[in-house]
Amino acid sequence: MSRERLTPTRIADFNCPEGKHQVFRWDSEMPRLAVRATRASKSFVFESKLDRSTIRVTIGAANVWTLADARAEARRLQTLIDQGKDPRDEKRERQAAREARRATEEAARKAREQQERYTLRALCDAYIGHLEAAGKLKSSKDAASLFRCHLPSDVADLPARGVTARLVAELVRTVREAGKERTAGKLRSYLFAAYRAAVRAPFDARLPAALIPFEIEANPVEPVAAIPVKAGNRVLSSDELKAYIGHLGNSIADRVLLVSLLAGGQRIQQLLRAKPADFDPTSGTLRLFDPKGKRAMPREHLLPLAPRAAAMVGELARRAVELQAPLIFSSYGTRPMSGETLSKRAREVCTTMGGERFDLKDIRRTCETMLAELGISRDTRAQLLSHGIGGVQDRHYDRHGYVAEKRAALEAWEARIASIEKGGPVPSNVRPLRKGKATVGR
C-alpha cells in the first residue's frame, strides 16, 4: 500500500481508471486516511483495525469535506479505536438519532396537517358530500345549513379528532337555550352521523375514502344525550281544511299542495322528484321514490290516484312533456321547484286564514287522522303514506303491493275532501275488498 502526502491538487487529479470499480490513494501524513475514487464520485475514508478486524468508515464526500477536516476526523476515529471503541457504533447511533429526529419532525408535520386540513369543518363538508352522492339532497342541504349556522368558526376550525363530547354538548346546549330545541336535536344528530361515518369509513367500502384521513377512532357525540322529537298534535278541522283548499289557486305551487293533499298527504320532496315517465295516465298511477331511512336504494312508492288527483297530475305531466321539462312539478317547466317554496306558500295561506298556526307536517297529520276516521287500516295508511316500512318483514318477505287497498283509500279520501268542500257529512263509501285480499276499512 503506497502512500503519499495528499493535497487538493492530487485529489482533484485522482480518478478511477476504466475497468476498475474503485481505487484508493492513501495519505502519508495521516496513514489511516485515504481518498477513494469510483466512476461516479470521490470520498474520504478511514481504515484501521480493532481486535484484529479491519474497520472501514466513510468520512464524507471529497467535494464537501476539506482535506484538513478529513485528517482531523481520521485522528478522532483513531482515538476511538485506541480506546477500544468501534467508530461504526457511533455512526449507527448518529444514524438512529437522525431517523428519530426525522420521525419526530414527520409526526409534527402530520399533526399540523391534521390541525390545518382535517378540521371539523372539513369533516362536515365530507359528510355532506357523502349525503349528496347517496342522493339524499334534502338531508345534505339541511346538514349544510345547520353546520353553517351553528358551528362557530373557532370550533369549526378545530381538528376533527380533537373535538370532545363536552364541546359538542356546549354547542347543542347553546342552540337549545336559544329556544331552538328541534334545531339543537338535528344538529346533534347530523354531527353524530358525520362522526359515525368517519369511524366506520376504513372498514366500510360504501363510505367515502375522503373520511379515512381524519383518523377518527371514537364518536365524541355519542355521550351527548339525544333530544327527542316532540310529537306534533296539530290537526286541522274540516272547516280549516276547507278554508285551506279554498285559498289554493292555479299556480304550480298551489297545485302541488293540492295534489299532495288529494294523494293522502304525500311528502312534498317526493312529489317534486316525479318525472313525466313516472305517471301512467291509463291507470292514473304515480310512481314516487322514497329514499328516507337507511335504504341503499330509494323504495318505489306507487300511488293509484283517485280521479281528481289523477286528472291534475296528468295535465301537469302533459305540460312537462310539451315543454320538454324533466319534472312534472317544476317552475315554468324548466327549473326544479324548491320544497321551501311550498312550505313558504303553506305558511302564507295559514297567515291569511288566521287562527292557530299550521304547516305542511300538520296537513300530513290531518290527512292520516281523517283517513283513520274513514276506517282506513293502519297498515294501509302506512303503505299509502310510505312511513314505518323498514322492518325485516317489509324488506324481505312482504311483497304485496297494496295497490288495490291504496286505490280504495284514495277514492274514499277524495270523496271525503269533496264532502268537506261542500260542507257535507263524512261519506260512508268505504267498502271491504273481495275475499282473499286485505281489508281497507275495519
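One table, with the values for the structure above:
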{"item": "Test for Q324: is it of a type in the set (S, T, N, Q) and either buried (at least 18 other Cβ atoms within 10 Å of the Cβ) or within 19 Å of R345 (Cα to Cα) (or both)", "result": "no"}
{"item": "L171 crowded, with 18+ Cβ neighbours inside 10 Å and free of Cβ contacts under 8 Å to residues at least 40 places away in the same chain", "result": "yes"}
{"item": "Residues of segment 1-57 classified as of a type outside the set (S, T, N, Q), surrounded by 13 or more Cβ atoms within 10 Å (Cβ to Cβ), free of Cβ contacts under 8 Å to residues at least 40 places away in the same chain and touching a helix residue (DSSP H, G or I) at 6+ places or on another chain (Cβ under 8 Å), total", "result": "7"}
{"item": "Flag for R173 being out of contact with any Lys or Arg (no Cβ under 7 Å at 6 or more places or on another chain), farther than 22 Å from P298 by Cα and at pLDDT below 95", "result": "no"}
{"item": "Some residue of segment 220-237 being of a type in the set (S, T, Y) and in a helix (DSSP H, G or I)", "result": "no"}
{"item": "Exclusive hit being surrounded by 17 or more Cβ atoms within 10 Å (Cβ to Cβ) and closer than 16 Å to A311 by Cβ, set L286, L272", "result": "L286"}
{"item": "Subset of segment 357-386 [without any contact (Cβ under 8 Å) to a residue 12 or more places away in the chain and within 34 Å of the chain's Cα centre (by Cα)]", "result": "A382"}
{"item": "Identity of the residue in segment 252-276, touching a residue at least 60 places away in the same chain (Cβ under 8 Å) and either in a loop (DSSP other than H, G, I, E, B) or of a type in the set (D, E, K, R) (or both), that ends up nearest to A184 (Cα to Cα)", "result": "R267"}
{"item": "Selected residue (only one of E322, E315 is closer than 23 Å to H247 by Cβ and assigned by TED's automatic domain parsing to the domain that holds A412)", "result": "E315"}
{"item": "Residue list for segment 194-218, restricted to those being among the small types (G, A, S) and either more than 18 Å from T164 (Cα to Cα) or surrounded by fewer than 18 Cβ atoms within 10 Å (Cβ to Cβ) (or both)", "result": "A201, A205, A209, A210, A218"}
{"item": "Helices (runs of 4 or more DSSP H) fully within segment 151-214 counting 2 or more residues that are under 20 Å from the mean Cα position of the chain (by Cα) and within 13 Å of T119 (Cβ to Cβ)", "result": "153-156, 181-200"}
{"item": "Per-region count, segment 1-23, residues among the small types (G, A, S) and either outside any loop (DSSP other than H, G, I, E, B) or farther than 20 Å from A74 by Cβ (or both)", "result": "2"}
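Okay, residues lined up against (1) surrounded by 17 or more Cβ atoms within 10 Å (Cβ to Cβ); (2) of a type in the set (S, T, N, Q); (3) modelled with pLDDT under 90:
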{"site": "Q95", "(1), (2), (3)": "no, yes, yes"}
{"site": "R109", "(1), (2), (3)": "no, no, yes"}
{"site": "Q114", "(1), (2), (3)": "yes, yes, yes"}
{"site": "A122", "(1), (2), (3)": "yes, no, no"}
{"site": "A133", "(1), (2), (3)": "no, no, no"}
{"site": "L146", "(1), (2), (3)": "yes, no, no"}
{"site": "A165", "(1), (2), (3)": "no, no, no"}
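The values are calculated or read from the model by the stated rules, or taken from the named source; none is laboratory data. Since we're looking at a predicted model, the values are computed, not measured. FYI the Cβ positions are ideal-geometry reconstructions off the backbone, even for glycines, and counts take in every protein chain you see.
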